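Written out below as structure tokens is the structure these notes cover.
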Amino acid sequence: MAGHRIFTTSFSSIYPHYVTKAEKKGRGKAEVDTVITWLTGYSEADLERVIENDTDLATFFAEAPELNPNAELITGVVCGVRVEEIEDPLMQKIRWMDKLVDEVGRGKKMESILRG
């Protein structure tokens, strides 16, 4: 997976799609932010900075303050691939984030999404 183009995609270019996905299902930006901050340890201010700086996904995860230890409990399928079977650590983190946003969009309870 080394060099996959998603790694150099900016977080700011995918973030609006995450918010739109959630809003189409009656959820909001705050819930998207909640799952992203839960996964990465970023604060709201950190997320804004990352968006303003056009930080790519590789850097976004490399600089994440603290990956949630319960992230490994995230399972399921994203883009036809089981997230728990993804071998590349960076790709797995990206797909974990996708999966969390998908769960927000599907209306799952936040406690369940955050593996509480």
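Here are a few things to note about the model shown:
- Qualifying positions in the range 21-47 - surrounded by 13 or more Cβ atoms within 10 Å (Cβ to Cβ), charged (D, E, K, R) and either out of contact with any Lys or Arg (no Cβ under 9 Å at 6 or more places or on another chain) or within 14 Å of Met97 (Cβ to Cβ) (or both): Lys21, Lys29, Glu31, Asp33, Asp46
- Lys93 being part of a helix (DSSP H, G or I) and touching a Gly at 6+ places or on another chain (Cβ under 7 Å): no
- Residues satisfying the stated conditions in the range 1-37, i.e. touching a helix residue (DSSP H, G or I) at 6+ places or on another chain (Cβ under 7 Å) and among the acidic types (Asp, Glu): Glu31, Asp33
- Cβ pairs under 6 Å, 6+ apart, first in the range 7-32 and under 22 Å from Gln92 (Cβ atoms), second of a type in the set (Phe, Trp, Tyr): Phe11/Phe60; Val32/Tyr18
- Only one entry of Arg95, Arg82 meets the criterion of being basic (Lys, Arg) and more than 18 Å from Val32 (Cα to Cα), and that entry is Arg82.
- Residues that are farther than 27 Å from Gly3 by Cβ number at least 1 in the following helices (runs of 4 or more DSSP H) confined to the range 26-72: 29-40, 44-52.
- Within the range 101-116, the set of residues being open to solvent by 40 Å² or more (accessible area, probe 1.4 Å) and either among the small types (Gly, Ala, Ser) or not in a loop (DSSP other than H, G, I, E, B) (or both) comprises Gly107, Met110, Glu111, Ser112, Gly116.
- Residue check: Val78 meets all listed conditions (1) modelled with pLDDT of 95 or more; (2) touching a helix residue (DSSP H, G or I) at 6+ places or on another chain (Cβ under 8 Å) but one, namely (1).
- Search result, residues across the range 44-73 that are farther than 23 Å from Gly105 by Cβ, out of contact with any Leu (no Cβ under 7 Å at 6 or more places or on another chain) and of a type outside the set (D, E, K, R): Ala45, Asn53, Thr55, Thr59, Ala62, Pro65, Pro69
The values are calculated or read from the model by the stated rules, or taken from the named source; none is laboratory data. Not measured: the values here are computed from a predicted model. Please note: Cβ atoms are built from the backbone with ideal geometry, for glycine as well, and neighbour counts cover all protein chains shown. Areas reflect the complete protein model, heavy atoms only, side chains present, ligands, DNA and RNA absent. Shrake-Rupley method; radii C 1.70, N 1.55, O 1.52, S 1.80 Å.
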